[in-house]
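First up is the structure itself, then whatever we jot down about it.
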Amino acid sequence: MTEHAHSGHSHAHGHTHGVSPDADRRWLRAALILLTAYMAIEVVIGVLAQSLALISDAAHMLTDAVSIVLALVAMRLAAKPARGGYTYGLKRAEILSAQANGITLLVLSVWLAYEAVQRLISPPEVTGGLVVITALSGVVINLICTWFLSKANRSSLNIEGAYQHILTDLFGFIATAISGLIVLTTGFQRADAIASLVVVALMLKAGTGLVRESGRIFMEAAPAGIDPDALGDHLVAADQVVEVHDLHIWQITSGQPALSAHILVAPGGDCHKVRRNLHELLRTDYGITHATLQVDHLGEQDDDELLTLSPGPRPEQPSGSHCDDSHGPVHRPGPHRH
């Protein structure tokens with residue numbers, strides 16, 4: 001190709017990838033110690049009081065502790081530098097952790113729902129006073145742990161997973177305290193099972209959200225809030241740009257969007273200037289700092305590839321050529337189909 005028709009393969013460096021592990025680990029460890037100690041106490045009291053609500057809270061607390069351990073391990077793995085076959089490093093270990101947290105919540109909610117229905121049919125005697133005292137102390141513990149994790153960087157889906165675990169546990173303790181009070185004052189034993197079902201609903205909501213968001217990242221979907229079609233139209237509206245194709249937007253890990261695209265510039269246009277302008281547009285308007293743009297002049301030939309622009313269908317391309325499959329919509333100035 002000529003000196004102007006080139007592959008503008010540029011990365012913006014100096015940007016932050018992921019979260020700040022040192023600050024966040026301190027808050028996670030503090031929450032883990034507090035949760036583990038209280039969980040052991042709650043299991044004993046739940047068995048003595050014959051309260052499924054307390055036992056389900058303790059089981060959920062166990063998943064809280066596991067979620068924090070997973071988060072800590074994932075953060076350590078994600079901090080390792082990229083090397084060998086892992087050219088992005090192990091940053092998606094955080095997304096694996098978030099997905100594991102979501103699946104754990106879903107599996108546990110199924111088990112607790114089954115147990116709660118059994119107790120609705122045949123409710124055991126529940127010691128209401130013991131349940132109220134334990135649940136209220138659990139509310140305090142979870143409020144402290146929720147505050148700990150709120151201080152960490154929740155833009156990480158990994159930390160958000162641990163946070164959602166503890167937040168649903170907090171709501172669960174509140175429901176358990178109310179059920180214990182109802183049992184204590186009215187003798188309505190089924191209140192305990194109903195409280196468990198409330199916890200189940202919260203766990204299903206949090207688990208579904210985590211699985212969905214982590215799944216989007218694994219499936220290379222565009223980040224939430226970024227419309228690839230609108231972004232492509234924005235790029236092709238830039239000065240001297242006549243076509244954008246092979247546009248891909250994905251997330252390497254939470255909070256780290258990436259983009260690649262093939263840009264065609266008008267004959268005689270300044271490819272270098274166009275590339276710089278588009279990088280700045282992506283950074284300021286979309287927060288995308290990790291972008292790879294291949295910039296070529298329209299109509300210039302590279303081996304067996306001829307890039308052309310016409311209002312009608314594209315001419316036949318040689319088998320295996322770049323434009324044989326544009327891998328998505330083609331963006332051109334003016335109204336067009338996506």
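The values are calculated or read from the model by the stated rules, or taken from the named source; none is laboratory data. Only a predicted model underlies this, so the values are computations on that prediction, with no experimental measurement involved. Quick reminder, even Gly has a Cβ in these numbers, built from the backbone with ideal geometry, and neighbours come from all protein chains shown. Just so you know, the surface numbers come from the protein's heavy atoms only, side chains and all, with ligands and any DNA or RNA stripped out. Shrake-Rupley method; radii C 1.70, N 1.55, O 1.52, S 1.80 Å.
Overview of results
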quantity	calculated
Residue in the stretch 156-173 that is open to solvent by less than 10 Å² (accessible area, probe 1.4 Å), modelled with pLDDT under 85 and either over 25 Å from SER97 (Cα atoms) or not in a helix (DSSP H, G or I) (or both) present	yes
Within the stretch 138-155, considering residues that are assigned to a helix (DSSP H, G or I) and either free of Cβ contacts under 8 Å to residues at least 24 places away in the same chain or open to solvent by 20 Å² or more (accessible area, probe 1.4 Å) (or both), the one farthest from ILE103 (Cα to Cα)	VAL140
Where GLY209 falls short, out of the listed (1) modelled with pLDDT under 90; (2) out of contact with any helix residue (DSSP H, G or I) (no Cβ under 6 Å at 6 or more places or on another chain); (3) open to solvent by 30 Å² or more (accessible area, probe 1.4 Å)	(3)
Residue count for the stretch 179-206, restricted to those that are out of contact with any helix residue (DSSP H, G or I) (no Cβ under 7 Å at 6 or more places or on another chain) and part of a helix (DSSP H, G or I)	4
Filter result (touching a strand residue (DSSP E or B) at 6+ places or on another chain (Cβ under 7 Å) and outside any helix (DSSP H, G or I)) within the stretch 207-220	GLU220
Residue match in the stretch 180-198 (condition: under 26 Å from the mean Cα position of the chain (by Cα) and either open to solvent by 10 Å² or more (accessible area, probe 1.4 Å) or acidic (Asp, Glu) (or both))	yes
Selected residue (criterion: farthest from the chain's Cα centre (by Cα)) from residues of the stretch 121-137 that are open to solvent by 50 Å² or more (accessible area, probe 1.4 Å) and modelled with pLDDT of 75 or more	GLU125
Among residues of the stretch 159-195, those that are in contact (Cβ under 8 Å) with a residue 24 or more places away in the chain and within 14 Å of LEU105 (Cα to Cα), counted	10
LEU278 modelled with pLDDT of 95 or more and open to solvent by less than 50 Å² (accessible area, probe 1.4 Å)	yes
Residue match in the stretch 255-268 (condition: in contact with a helix residue (DSSP H, G or I) (Cβ under 9 Å, 6 or more places away or on another chain), modelled with pLDDT under 90 and either open to solvent by 30 Å² or more (accessible area, probe 1.4 Å) or part of a helix (DSSP H, G or I) (or both))	yes
Test result for ALA135, among the hydrophobic types (A, V, I, L, M, F, W, C) and more than 19 Å from ALA40 (Cα to Cα)	no
Subset of the stretch 2-29 [surrounded by 16 or more Cβ atoms within 10 Å (Cβ to Cβ), hydrophobic (A, V, I, L, M, F, W, C) and modelled with pLDDT under 50]	ALA5, VAL19
Residue check for GLY225: at positive phi and open to solvent by 10 Å² or more (accessible area, probe 1.4 Å)	yes
For HIS234: the one exception among (1) surrounded by 22 or more Cβ atoms within 10 Å (Cβ to Cβ); (2) over 22 Å from the mean Cα position of the chain (by Cα); (3) of a type outside the set (Val, Ile, Thr)	(1)
Cβ pairs under 8 Å, 6+ apart, first in the stretch 204-232 and touching a residue at least 40 places away in the same chain (Cβ under 8 Å), second basic (Lys, Arg) and open to solvent by less than 80 Å² (accessible area, probe 1.4 Å)	ILE217/ARG92; PHE218/ARG92
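Table: residues versus (1) modelled with pLDDT of 85 or more; (2) open to solvent by less than 60 Å² (accessible area, probe 1.4 Å).
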residue	(1), (2)
ALA31	yes, yes
GLU42	no, yes
LEU52	no, yes
ASP57	no, yes
PRO81	no, no
GLY85	no, no
TYR88	no, no
LEU106	yes, yes
